[in-house]
């Protein structure tokens, strides 16, 4: 069979659709400004569609509209969503409520938003089976077995907060599959989970979808996850689907320039792709150009791209592209990639020395005698599954965790356990960037004021000099000077994270502790942040402790890697040695559970 013939083979030939979406449109309430438009696709029973794109592309708006719902300030203005023959957008309120749970279910990114913290797990699962026939306890045991949760006595009596994040997410998945709906919408359900837990959750979704014939729309910014899970993928940009087709074809041989740009932003565990961010930002609703929405960011744009929006063209069976020149230009971003952050040559006295560090939460010992050095101008990646002790170690070094024993030395001086007991210079030179920038920035304080406040703790400067320093550091993190006058909620997730980095940089630290700083960002913003950190390290000579559960990102970030398990470092060494020739069983397990984008595409 020729390559062209292979591309023209549909994934699910002759299978009747379980879900049909036609010309779905959502607009800003009280206006004709569209947020999403021309959304059309169909799914057969058991089929998984990956919905990908940057933050603000409209993925979640589409996901919610499939349930006949939209967020406050939006309204569904047109189109149809037919599930098992019923149009969700034409049902009355009572029938729509009945259809949710029976025809379509939703699994949110944060299971805490779908689980009642005041009710036991038994009660919440039983509510989903209230109309089911048969023995309730037997049905509950079957549900737990299907999502690979323990059926031991007492588990169902637990409250949500007594379960791990992965267990909570599996409970949410069990609730979604309980009534065997025709469609399950999953909105970033593995974001924030470690790679092992993520792998288990994805396998659960894959098996349940096939077993029960439920179609799945899987919303994600992680193309590696989508590549390993979905049979088809739809790429969204600025409220439109710009490319859709079989996952292997779309991600291996993308025909739209935006799809290619997204792929170049995916961190590659094998080191075959250079990590590249996408310059610029997607346009907001009401500010989109008259022609191709991607043209201002597209390296292949020409005058014709600015004249009118390109139509969605069928270039092969089951493969559509919204571009006037589909497939034009370079298809692959493959190239050999050196680590972005390079270690300083070892010296007699490291910047940070940890010796026999033990940490406690009350009487419970969390860290067990850790010992390692962090040289100046180097980056150490700290990896491991949830609960391995990564964040406790990072917070201990920053002085945010005080129940410690052992020794910490920074620039040859002892570090006290609590930040309040450390001299000002030590606090200034060790800065912490949190995972959630919105939670770490005061929502009532303008961004410029928050950055200036960090500076005022350590220096007494005039107003003019403070404003100059704030503008300079905003420029360093590629934020406009106008960002200083905005509040955190007026910035995108990537912009908020840059503001948090600027707040740490303005005091001129020597060590940055980055605690999962890219875990909630889409791949394009993640790539930009990683490129920014690499550039800052080269320019400023910073040392970094980079805490992450994303092993694919490590090759683009760190010169050394420490693998943690149950409060111990089980492997420590140069990045290439650890990733290419792992010795510890835990390292090999983490690598095995990490989705490999290039390997999946090669298959």
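Residue ranges 163-171, 521-529 sort as 521-529, 163-171 when ordered by packing (mean number of other C-beta atoms within 10 Å per residue, highest first). Any chance you could check the Cα centroid distance between the stretch 17-57 and the stretch 194-223 for me, in angstrom? Using only Cα atoms, the two centres lie 20 Å from each other. Quick check: the angle from helix 165-177's long axis to the longest principal axis of the chain, C-alpha only, nearest 10 degrees? Once rounded, the angle reads 10 degrees. Residues 458, 410, arranged from fewest to most other Cβ atoms within 10 angstrom of their Cβ, appear as 458, 410.
The relative contact order of the stretch 490-603 comes to 19 percent, based on Cα pairs under 8 Å that sit 6 or more residues apart. Relative to the globular-protein estimate of 2.2 N^0.38 Å, the Cα radius of gyration of the chain stands at 1.00. Let a ≥ b ≥ c be the square roots of the eigenvalues of the Cα gyration tensor of the stretch 353-444; is it rounded (a/c under 1.5), or, if not, prolate (a/b larger than b/c) or oblate? Because its axes are fairly even, with a/c under 1.5, the stretch 353-444 counts as rounded. Relative to the longest principal axis of the Cα atoms of the chain, helix 195-212 runs at roughly 10 degrees.
For the peptides 144-150, 262-268, what is the packing order when you average, over each peptide's residues, the other Cβ atoms within 10 Å and list the highest mean first?
Per-residue Cβ counts within 10 Å, averaged per peptide and sorted highest first, yield 262-268, 144-150.
Look at where the Cα atoms of the stretch 239-256 and of the stretch 134-149 average out, and the two centres are 38 Å apart. Expressed as a whole number of Å, what is the distance separating the alpha-carbon centroids of the stretch 435-470 and the stretch 490-550? For the stretch 490-550 versus the stretch 435-470, the Cα centre distance is 17 Å.
Computed over the chain, relative contact order equals 15 percent, with contacts defined as Cα pairs under 8 Å that lie 6+ residues apart. Compared with the dominant Cα axis of the chain, that is its longest principal axis, helix 136-146 is turned about 70°.
Values in this text are rule-based calculations from the coordinates and carry no lab data. As the structure is a prediction and not an experimental result, all values here were calculated from the model. Positions of Cβ are backbone-derived with ideal geometry, glycine not excepted, and every protein chain shown enters the neighbour counts.
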